[in-house]
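Notes for the one structure printed next.
The values are calculated or read from the model by the stated rules, or taken from the named source; none is laboratory data. Computed from a predicted model, the values in this text were never measured in an experiment. Backbone-built Cβ (ideal geometry, glycine too); neighbour counts: all protein chains shown. Accessible surface is based on the protein model in full, side chains and every heavy atom, while ligands, DNA and RNA are left aside. Shrake-Rupley method; radii C 1.70, N 1.55, O 1.52, S 1.80 Å.
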Amino acid sequence: MSSTRCCPSDCALREDWEEELRHESEALIHPATDTLMKLCHLMSHPIRLKILLMLCLRDHCVCELIWNLEKTHSPISNHLKILRDSGIIETYYRSNHKIYRLSETMDHTVLKMMAKKWREETGYSFR
């Protein structure tokens, strides 16, 4: 890669700019970056984002998701499968009902920060 500088201002005065860029480049290929990209991709669909926001509040069964999202069973189940296959959500049974929740093994920091902002903006407060 050429070390020609395009901007004469701040980076031209610094001796360590190439090293800093090298560190940034390494960070961009870190597995954590892939995890974040995966999460962003999953949240890019409006239905999946709404499901995830609801699951940030509490665990839900399918009928609650269907009722809140005003969709039929088929699209909700399809999006739940995508989220479950990705490892971001998991299921358990309560009586005869399959309950969905955020996966306990995945870090949901970004998602929970977004949900917090969403609750603040909407004024929604869970009992």
Filter segment 56-82 down to the residues that are of a type in the set (A, V, I, L, M, F, W, C) and at pLDDT below 90, then identify the one that is surrounded by the fewest Cβ atoms within 10 Å (Cβ to Cβ). 57
Expected output for segment 25-40 (first residue open to solvent by 70 Å² or more (accessible area, probe 1.4 Å), partner at pLDDT 85 or above, Cβ below 7 Å, 6+ apart or cross-chain) is 38/86
Of those in segment 85-97 that are modelled with pLDDT of 90 or more and closer than 19 Å to residue 115 by Cα, the residue surrounded by the fewest Cβ atoms within 10 Å (Cβ to Cβ) is 90
Would you check if there is a residue in segment 106-113 being out of contact with any helix residue (DSSP H, G or I) (no Cβ under 6 Å at 6 or more places or on another chain), at pLDDT 90 or above, surrounded by 12 or more Cβ atoms within 10 Å (Cβ to Cβ) and not aromatic (Phe, Trp, Tyr)? no
